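Participant: My structure is below; once you've seen it, I'll send some questions.
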Amino acid sequence: MTTAVPKAPRLTGDDAVRIASQHFGLEVSASFLPSERDQNFRLRTNSGAQFVLKIANAAETAEFLELQNQLIRFLAGRKIELEFPSLVPTRAGADIASVTAADSRKHYVRLLTWLDGVCLGEIKTHHPKLLASLGRGLAQMDATLAGFSHPAADRSFHWDLRQAGAARDLIRLLPDDRRSLVEGFFAEWEQIDWSRLRSSIIHNDANDYNILVRGATAAAQSVSAILDYGDVVHSATVCNLAVALAYVMLDKPDPIGAAAQVIAAYHEIFPLNEAEIDSLYTLACTRLCLSVCLAARQTRDAPDNEYLNISNAPAWSLLEKLCDIAGDWPLRVFRFAAGMPVVKHGPALHRTGTELVAARRKHLGPSLSLSYQVPLHIVGGSRQYLFDAGGRRYLDCVNNVAHVGHSNPYVVRAAAEQMAILNTNTRYLHDGLTEYSERLTAMLPDRLRVVYLVNSGSEANELALRLARAHTNRTDAVVVDCAYHGNTVATIDLSPYKFDGPGGRGPASWVHKVSLPDVYRGRYRGPDAATHYVRELYQAMESAERNGGIAAFFCESAVSCGGQIMLPPAYLRDAYAAVRNAGGVCVADEVQTGFGRAGTHFWMFETQDAVPDIVTLGKPIGNGHPLGAVVTTPEIAHSFANGMEYFNTFGGNPVSCAVGLAVLDVIRDEELQLNALETGAHLKAGLNQLKRSHRLVGDVRGEGLFIGIELIRNSETREPAGPEAARLVEQMKERGLLLSTDGPFHNVIKIKPPLVFSKKDAEFLVATLDSVLQVTIHDD
Ligand SMILES: Cc1ncc(COP(=O)(O)O)c(C=O)c1O
């Protein structure tokens with residue numbers, strides 16, 4: 001294998017100044033820029049204009065430079081978020097000039113406009129948004145280049161990952177103790193089935209010093225340009241992303257996670273196929289191996305050329321780190337990033353849907369329900385998608401349990417690793433339990449400092465009732481109409497949704513109901529609605545007085561089963577004041593609404609300017625693992641400690657704590673609360689658009705990614721359109737989107753997807769609703 005490095009130009013700064021003047025008519029000062037095979041100078045004119053003078057390697061053909069020029073023009077003419085330099089013509093009007101160096105070698109010369117920005121490699125911490133912008137930029141570039149061709153791109157090139165086998169010979173130049181490490185990665189590379197990867201012309205060198213970033217603050221930074229087209233080659237398209245990932249992973253505490261953020265954004269714009277996703281990690285590692293191998297050769301051939309050694313030390317330390325990563329972890333994370341089934345499993349022998357329904361009838365209680373007229377047989381989940389037994393993918397718009405995504409690999413790993421080490425109960429000291437309690441309370445208002453871990457939302461509300469009763473020495477509770485708080489004896493009694501519904505036995509003597517504070521359909525709708533609804537609370541508490549007074553007021557911070565009801569502003573604040581005044585305890589049921597879903601706040605009660613005495617948590621807290629929590633004040637906890645031990649076999653076990661911690665980590669690291677805010681706003685804007693064009697849509701409401709669409713038949717009477725809502729949900733399912741209905745008239749479409757839901761998902765949801773709504777109306 002030969003190297004082009006010895007043919008690198010050796011021009012001086014004075015040469016560059018002279019070339020600029022002679023060929024481009026510019027009076028400039030010049031400074032060196034690093035390059036492996038070429039020579040680049042940064043030029044400045046007196047007036048401040050800046051350029052890059054590119055002196056090509058003597059081995060470079062004019063045809064290849066023409067390819068680069070055409071490619072730059074092609075990309076610059078397309079709608080891509082990235083900036084591209086302009087080609088500055090010579091005085092003779094050409095794109096390329098030819099100069100002869102002092103050593104009498106001929107070099108082609110081009111002049112490009114300078115692009116401002118900081119190199120990605122110079123930025124210490126890479127914000128998730130910055131990584132996502134890199135993914136988007138690369139995807140747009142690759143998608144665009146799929147329509148570009150040039151014969152000069154079909155070349156033999158040592159940086160082409162498809163041709164990486166040639167560099168394998170160089171392993172012998174590496175230090176003895178590192179050869180097997182690199183050989184291991186090459187062995188993986190050998191397994192790649194290139195026929196399953198799409199091919200196109202690619203940039204092939206999105207290294208961290210070729211990526212320019214703009215933006216002053218970390219959160220505002222985004223990739224503005226990907227420079228240097230000298231490594232362009234026709235290869236597997238996915239190699240372009242793999243090259244970028246190799247550099248993105250450098251110096252990262254979680255290299256795989258950082259790479260996954262780029263992949264997720266890339267995939268959303270220019271979807272990768274399964275084979276491409278599965279080859280990405282190997283290809284990225286191969287790029288690192290190429291880098292260390294080619295650097296070793298360069299040190300042998302041209303020891304004074306520093307270029308390749310720039311990333312050599314970090315590349316080695318990354319390769320060593322990656323060697324310690326167990327099994328198929330990168331594959332799982334990358335597959336999750338692309339919303340593909342995280343674990344590959346062969347064709348399973350499933351029972352048919354009909355057989356499963358029959359078996360359910362035989363062995364499961366008939367009070368269990370199934371969604372949809374033809375029930376779904378779901379066998380897998382990844383991110384915001386569910387997969388049925390036939391392999392069909394559904395966009396999950398309603399499952400708020402899979403908060404950080406179905407089968408999130410970080411949560412799965414936390415559970416599996418802890419399960420393999422220990423799972424006991426809270427009667428032993430355990431770091432996980434205390435750490436989780438500290439992390440959870442740190443997310444809550446100061447006064448909520450004491451945690452009880454349980455196994456479900458029902459259990460959390462059941463315990464909240466016991467705490468309130470112990471603290472007040474009273475029995476009664478006030479609840480809002482249509483509320484649901486759980487499936488135990490006491491929580492069914494707290495749930496008008498159940499006790500007033502089919503099979504319900506009406507309110508228990510200790511339960512008092514107030515109207516659902518619904519400003520769209522409820523009793524009070526105007527600007528003073530909150531005052532009226534709170535007044536009802538006083539009446540309910542008065543009747544509780546006859547039983548010794550109110551122990552607890554239970555209220556969801558936005559009422560989900562009641563129909564995605566957003567409480568009128570400050571309802572909870574004023575209701576809590578009234579309840580406390582009467583000696584009662586305020587319980588915020590955040591089972592549906594907590595953990596960043598509200599977007600503006602981490603807890604929905606914060607949107608109400610209210611602080612509860614007890615908060616109950618469930619569903620998203622464990623991302624599907626059975627976990628719940630009650631958090632309260634030290635005073636209430638003290639009242640509960642009356643001598644009777646509180647023991648919960650599974651509540652607070654080390655596995656649950658590991659899961660809870662992993663969920664909090666992912667919400668923080670992936671900025672999912674911010675995503676709920678931004679994607680939620682985007683979605684609501686789209687839905688409001690639908691409201692304007694479809695009579696059936698009476699109301700669109702919600703905060704963040706907790707949204708309801710109320711369907712009505714008549715805008716005057718607001719007659720609920722329950723059957724239409726049911727039909728719409730069925731038709732959406734046929735189109736691959738999962739939703740459900742709720743509310744007392746079953747006419748409210750519930751939207752509360754995993755928080756990894758993207759703007760593109762939101763647009764798909766709105767567009768599909770739009771077409772289904774037209775059909776649904778016509779069916780009337
Ligand atoms: C608001 C609310 N609270 C409590 C519960 C009960 O939670 P779990 O089903 O985990 O017992 C639910 C369940 O749907 C709920 O929506």
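Participant: Residues of segment 563-606 being in a helix (DSSP H, G or I), out of contact with any Asp or Glu (no Cβ under 6 Å at 6 or more places or on another chain) and more than 16 Å from the ligand (Cβ to nearest atom), which ones?
Facilitator: The answer is TYR571, ASP574, ALA575, TYR576, ALA577, ALA578, VAL579, ARG580, ASN581, GLU606.
Participant: Just name the residue that is nearest to LEU617 (Cα to Cα) out of those in segment 380-406 that are touching a strand residue (DSSP E or B) at 6+ places or on another chain (Cβ under 6 Å) and β-branched (Val, Ile, Thr).
Facilitator: VAL404
Participant: Pairs needed: first member in segment 611-628, under 28 Å from THR472 (Cα atoms); second member anywhere, near the ligand (Cβ under 10 Å from one of its atoms) and charged (D, E, K, R); C-beta distance under 7 Å; at least 6 residues apart or different chains.
Facilitator: Once the first residue is under 28 Å from THR472 (Cα atoms) and sits in segment 611-628, its partners that are near the ligand (Cβ under 10 Å from one of its atoms) and charged (D, E, K, R) give VAL615/GLU590; THR616/ASP589; THR616/GLU590; LEU617/GLU590; GLY628/GLU459.
Participant: Is there a residue being part of a loop (DSSP other than H, G, I, E, B), away from the ligand (no atom under 16 Å from the Cβ), buried (at least 20 other Cβ atoms within 10 Å of the Cβ) and at pLDDT 95 or above anywhere in segment 409-419?
Facilitator: Taking every residue of segment 409-419 in turn, none turns out to be part of a loop (DSSP other than H, G, I, E, B), away from the ligand (no atom under 16 Å from the Cβ), buried (at least 20 other Cβ atoms within 10 Å of the Cβ) and at pLDDT 95 or above.
Participant: Evaluate segment 166-183: report whether one residue or more is over 27 Å from ALA313 (Cβ atoms) and among the β-branched types (Val, Ile, Thr).
Facilitator: No, because not a single residue in segment 166-183 is over 27 Å from ALA313 (Cβ atoms) and among the β-branched types (Val, Ile, Thr).
Participant: Of everything in segment 123-139, what is in contact (Cβ under 8 Å) with a residue 12 or more places away in the chain and either β-branched (Val, Ile, Thr) or more than 19 Å from ALA260 (Cβ to Cβ) (or both)? Give them in sequence order.
Facilitator: ILE123, THR125, listed by residue number.
Participant: Follow-up. Can you give me the number of residues within segment 211-226 that are at pLDDT 95 or above and outside any strand (DSSP E or B)?
Facilitator: 1
Participant: Go through segment 143-189 and count every residue that is in a helix (DSSP H, G or I) and within 35 Å of the chain's Cα centre (by Cα).
Facilitator: Total satisfying the criteria: 16.
Participant: (1) farther than 22 Å from PRO445 by Cβ; (2) assigned to a loop (DSSP other than H, G, I, E, B); (3) within 14 Å of the ligand (Cβ to nearest atom); (4) of a type outside the set (Lys, Arg): which one isn't true of TYR646, the others all being true?
Facilitator: Among (1) farther than 22 Å from PRO445 by Cβ; (2) assigned to a loop (DSSP other than H, G, I, E, B); (3) within 14 Å of the ligand (Cβ to nearest atom); (4) of a type outside the set (Lys, Arg), TYR646 violates only (3).
Participant: Give segment 633-651 a look and list any residue that's within 25 Å of ARG413 (Cβ to Cβ) and either of a type in the set (Asp, Glu) or touching a Gly at 6+ places or on another chain (Cβ under 9 Å) (or both), or say none.
Facilitator: If the condition is that a residue be within 25 Å of ARG413 (Cβ to Cβ) and either of a type in the set (Asp, Glu) or touching a Gly at 6+ places or on another chain (Cβ under 9 Å) (or both), then GLY651 is the only one that fits.
Participant: Given the conditions (1) surrounded by fewer than 20 Cβ atoms within 10 Å (Cβ to Cβ); (2) free of Cβ contacts under 8 Å to residues at least 60 places away in the same chain; (3) not basic (Lys, Arg), and given that LEU422 satisfies all but one, which numbered condition is not satisfied?
Facilitator: (2)
Participant: Then there is this: Out of everything in segment 576-606 that is in contact (Cβ under 8 Å) with a residue 24 or more places away in the chain and polar (S, T, N, Q), what residue ends up being surrounded by the fewest Cβ atoms within 10 Å (Cβ to Cβ)?
Facilitator: Among residues in segment 576-606 that are in contact (Cβ under 8 Å) with a residue 24 or more places away in the chain and polar (S, T, N, Q), the one surrounded by the fewest Cβ atoms within 10 Å (Cβ to Cβ) is THR600.
The values are calculated or read from the model by the stated rules, or taken from the named source; none is laboratory data. Computed from a predicted model, the values in this text were never measured in an experiment. Every residue, glycine as well, gets a Cβ built from its backbone with ideal geometry; the counts of neighbours run over all protein chains shown.
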